[in-house]
Structures are given as C-alpha cells and as structure tokens.
1. Restricting to segment 287-315, give me the number of residues that are farther than 30 Å from P259 by Cα and of a type in the set (S, T, N, Q).
2. Being of a type outside the set (K, R), open to solvent by 40 Å² or more (accessible area, probe 1.4 Å) and not in a loop (DSSP other than H, G, I, E, B) is the filter here; which residues of segment 212-243 pass it?
3. Take the conditions more than 21 Å from the chain's Cα centre (by Cα) and of a type outside the set (A, V, I, L, M, F, W, C) and apply them to S306. Does it pass?
4. Check G275 against each of (1) buried (at least 18 other Cβ atoms within 10 Å of the Cβ); (2) at pLDDT 90 or above; (3) part of a loop (DSSP other than H, G, I, E, B) and name the one condition it does not meet.
5. Take W352 and decide whether it is more than 17 Å from the chain's Cα centre (by Cα), surrounded by 18 or more Cβ atoms within 10 Å (Cβ to Cβ) and within 25 Å of R377 (Cβ to Cβ).
6. From the list V365, V373, which one is under 24 Å from Y269 (Cβ atoms) and in contact with a Pro (Cβ under 7 Å, 6 or more places away or on another chain)?
7. Determine the pairs where a residue that is on the phi < 0 side of the Ramachandran plot, located within segment 305-316, has a partner that is outside any loop (DSSP other than H, G, I, E, B) and among the acidic types (D, E) with Cβ atoms under 7 Å apart, the partner being 6 or more residues away or on another chain.
8. Going through S41, S19 one at a time, which residue ends up being at pLDDT below 70 and in a helix (DSSP H, G or I)?
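The values are calculated or read from the model by the stated rules, or taken from the named source; none is laboratory data. Nothing here was measured: the structure is a model prediction, and the numbers come from that model. Virtual Cβ from ideal backbone geometry, glycine too; neighbours counted across all protein chains shown. Heads up: the accessible areas ignore ligands, DNA and RNA and are worked out on the full protein's heavy atoms, side chains in. Shrake-Rupley method; radii C 1.70, N 1.55, O 1.52, S 1.80 Å.
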Amino acid sequence: MKNIKAKTRNYLFQGKGQSLVEVALFLPLALMLIAGVVEISQWLLVQNRINTAARAAARFGANGGKDEGMAAVALGTVTQTLPINADSWDIWTVRGTVNADGSDIVDKTFTYSHVYGNGSTQRYGEFSGSNFESQLRKQILEALQSDIDGNGNVVTNTSSVRTAIGGLQFVGSYVQYDARSILGLDYFVDDLYTVRDLAVMRTFPSGDQTAGCSAFPVAVNLGIRSVTSSYWPAPNEFTYPTSNQPRMADFPKHVPDQPLENAKPGYVYFIQQGGGPGNFGWLKWNDDLADSANTLEDGFTMPGSSVDYITPPQNARNSQNSSWRQAGFSGPVKGYMEPGDPMDQSLNKKDWVAGLTGAVNSNGVRSQLNNHVDNKRYLRLIIWDESQGTGSNAKYKVKGFAIFRLLGYRLNQGNGNADGSWILAEFVKMDDSCGETQSTNPVLP
C-alpha cells in the first residue's frame, strides 16, 4: 500500500514538473506572438493617423490654405495621439498644374517645400535632390491619374482620366513620421518604423480662395507701446517663470515707450488684459466654443487650433443653429469660423474674431503657456484696431499679424475683460503673409 502511494505521489510530481517545463518552453513563444500582434496593431494605428493627417493637410491647402497652415492642420489631427516633436516629423507641401493632355506635370508650376521638421527622421536623406523630386512627381501623377470605374475598380492612366485632369491644379502634403516600437525594435530596423503618406487633392483655380493664416489665441491692440522701466514687472509678480525672470537689461535692443507700429526686433511689450487701447484679449476661434479654460488650452496647444477642423474641441455647444452645422461639419470643430459668417474659415486681415471671457487660470492653460516660454517659441498673434461688444459678446477686427516670443505672464483668477492678467512678450517681426480676405460680405450679427 505504501509503495502504491509513493508511486502515485512520484507520478503526480513528475506530471507537475513536466507541465512546468512545457509552460517554460511555450511561454516565451506565446509572449512573442502576443507582442507581435500588439506591435503590428500599433504600427497600423500610427499609419492610419498619418494618412488622416496628410489628407487633412491636403484638404486645407485645396481650400486655399497656405503651406504653414497645412503643416499646422496635419499636426493638429494627431496632437492628442502622437508626440509633436520636430525631430520625429518631416512634412512637405507640393503644388503644381497638370499639362493640357493630362500626361505630365508642367515643370515650371511644380514646387515642393519642407514646412515642418528638423530633417532628423531616419529616411530624410532620401528626400533631397533631383531623385526625390522625380519620385514625388511620379507618385503625384499616379494618384491624379487614378479613378474608380462604374464597377468600383481602380483604373489608372486611361485616356478618359487623362482628359479629365488636363490643366488641373493640385496641392498635396507628404508626411513622414518616425514611430516608436513597443519592443524597441526601431533601434534595429529603424527604416521599418518610418511611416509615410502622400495625399493629393484636385483643386481648380478660384478667385474666392484666400490664403489664411494660423495664429494663437491672443489679440494685441495696435495702440500698445514698448514697456518702460517703471512698468517692468518685479520677479514676484510673475506667474511664470518662477525663477530667473527676464530683466530689461537682458534685452539690449529694447527701446522703451515705442508704438507697436514702429516696433523693431528686440522691443519688449508689457500687455495687460482688457478691451481698451494697449490691452490684449483672449480669443476663441468660433462662436460654438465655450468661454472656458479648456478652449484657451486647446488654442495654445502646439501647433495651435485655429486651422484644426478635425479634432473635436473639449467644450462646445451643440444646437440647431450652431456654426458648425451651418458650415457643413459633422460636429463641433476647433478651427476658425468668422462670427456671422461660418463659411469664412480663412483667417485674414479685416476678419473678425470672437473674444473669450471667463476664468482661464487653469493647470492646462498654464502648462501650455509654460511650454511656450521654456521653448522660446515664436507665436503669431493677432493685432486689432477695432472691437465690438464686451464680455462674451466681444469681437476683435484683425488689423494684421505679428510674431512675438512669450517671455512670461501673470494669470489671475478673475473673470471678465480686465482681471489684472498680463503677458510680457518680445517683438520679432510684423507678419504680412496673411493678406486681406477676398470675401465680399464678412458681416457681424
């Protein structure tokens, strides 16, 4: 009896040992398979986001947007899902005209520009010189010469397709992003993790198209004057930076008490919040957006939201008379729509922009402003010379645009147009790239 029990116990122990060995042999393979599935899924997800970014940028360009706006739109579609790091991105824009018989691109019309990125992506070296240009032209022509027949099949380079695209103008975007491997495989096969996409939109010449600009949500009054020593804020007055606050002595090119109209690079401006001469106002890009810190946070999140019509905003109204419904969007959007004229989605001189009121001293807003200060970013801001209304009804008329570098700021908890908040900013240059709108009826309600 004892021998039977001992044999049974030994058999059980051997069975458990065998199972452990089998698990030990199988587990690494199972983990590798699971990791591989996750890795492929992640790569496909990134590829889908890059495809969406390229299409959104091309669509914006086809509607009259400028190159820099196209880059902003592409990045705006992935701001919440992929890191916006200039070392990981390279974005090109392309423009041109197809010849009369639809067989080629007219040489003198074809242009391409590198509009974002540091040229640090793994395969950036492939995209230079005549070889890149010829390959790009080939891909664009193939895309334009493709169509869907009555049976749903793709047909390429047929006589009917070539006739249809003869003389056609086009705009496109080429987006390249260095993805990161979950397993760290990008260190061994880095080329595999460079995700790319080319999107081309067919567009016909139109006198109604305007070359709008992107901007950050601050409207600075034209009547402001450069800061004097008596108004330079003390270190303890800054919300940020909290140490090593800028001093007037740090800006040798600064000249006090100079009007913004005569500003030169290096002049510094102390701008208080308010609706009067010499003040600034926060902005929201369309009337659907809430007067809240979330809206302002969206506006300051790189690369800005004024040309983002893809990513849903954090807070927006949803009613039958919403601007986004009038403009034909499927839901609320972050991007610019002129008050009273939602079809005008191109920010230019002489346009109107809605003001934003309410408490904005939130962690999210401060985090975005801090990033701009720390990274010494150049921000395009709106210059206004005329306003209408107060509070939630305030609107600013765009006189022009200027590039500033944010040096520091103070945010108070108050509501309304004048709560003691201010920004300290270094003037870089006036920006004349955003011309007057060609719209004939930009009206206020």
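1. Adding up the residues that qualify gives 6.
2. Within segment 212-243, P235, N236, E237, Y240 meet the criteria.
3. no
4. (2)
5. Numbers: more than 17 Å from the chain's Cα centre (by Cα): yes; surrounded by 18 or more Cβ atoms within 10 Å (Cβ to Cβ): yes; within 25 Å of R377 (Cβ to Cβ): no.
When the stated conditions are applied, W352 does not pass them.
6. V373
7. S305/D298; P313/D298; Q314/D298
8. Of S41, S19, the one residue that is at pLDDT below 70 and in a helix (DSSP H, G or I) is S19.
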